[in-house]
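The values are calculated or read from the model by the stated rules, or taken from the named source; none is laboratory data. Note that the coordinates shown come from a computational prediction; the quantities given were computed from them, not determined experimentally. Cβ: placed from backbone, ideal geometry, glycine included. Neighbour counts: every protein chain shown. What goes into the accessible areas is simple: the full protein's heavy atoms, side chains included, and nothing from ligands, DNA or RNA. Shrake-Rupley method; radii C 1.70, N 1.55, O 1.52, S 1.80 Å.
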Amino acid sequence: QVQLVESGGGLVLPGGSLRLTCVASGSVNSINSIGWYRQRPGKQRDLVAVMATGGDLKYADVVKGRFTISRAKNGVSLQMNSLKADDTAIYYCTADLFGDSHQYWGQGTQVTVSS
């Protein structure tokens with residue numbers, strides 16, 4: 001099992017930046033992929049950016065060039081630049097483990113982009 005705790009959300013002006021951090025604990029050496037999803041108001045939860053073992057990266061088209069995912073100590077971070085109102089959402093850290101079909105989720109952190 002792995003536990004995921006997000007931090008770094010908040011209120012930011014359009015065009016501003018935020019950095020989200022996800023700290024993993026538990027079976028961190030068994031993590032296959034780790035990354036971020038988001039759920040905007042009234043919408044389904046969508047992929048934002050994911051990093052797989054070996055460093056393969058996947059980004060949603062709507063965040064390419066603005067968001068950057070990177071490994072952090074026992075976790076992952078998400079640098080978000082040029083934020084837009086449409087980026088307002090709850091951001092969730094997620095991970096899966098080798099040999100484990102379960103998808104693990106953090107509690108989420110709220111990001112609000114508003115003037």
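Seen from residue 32, the other residues with C-beta closer than 10 Å to its C-beta sum to a net charge of -2, counting Lys and Arg as +1 and Asp and Glu as -1. For the stretch 12-56, the per residue solvent-accessible surface stands at 51 Å², with DNA, RNA and ligands left out and a 1.4 Å probe. Here is the size of the stretch 26-75 from its Cα atoms: Rg then Dmax, 12.2, 35 Å.
Near residue 72: Cβ cut-off under 15 Å, other residues only, Lys/Arg at +1 and Asp/Glu at -1. The net charge is +2.
Remark: relative contact order (the stretch 1-51) = 29 percent; criterion is Cα-Cα distance under 8 angstrom and separation of 6 or more residues. Sparsely packed loop sites in the stretch 23-115 (the chymotrypsin sites (Phe, Trp or Tyr not before Pro) outside DSSP H, G, I, E and B with at most 12 other Cβ atoms within 10 Å) comprise 98.
What number comes out for the charge environment of residue 6, summing +1 per Lys or Arg and -1 per Asp or Glu over other residues with Cβ under 12 Å away? Here the charged neighbours net out to +2. Out of all DSSP beta bridges with both ends in the chain, state the antiparallel percent to the nearest 5. Taking every DSSP beta bridge with both residues in the chain, the antiparallel ones total about 95 percent. Look at the alpha carbon pairs under 8 Å that are at least 6 residues apart: their mean separation over the length of the chain gives a relative contact order of 37 percent. Expressed as a fraction of 2.2 N^0.38 Å, the value expected for a compact globular protein of N residues, the C-alpha radius of gyration of the chain is 1.01. Our summary gives the stretch 36-92 a relative contact order of 37 percent, counting only alpha carbon pairs under 8 angstrom and 6 or more residues apart.
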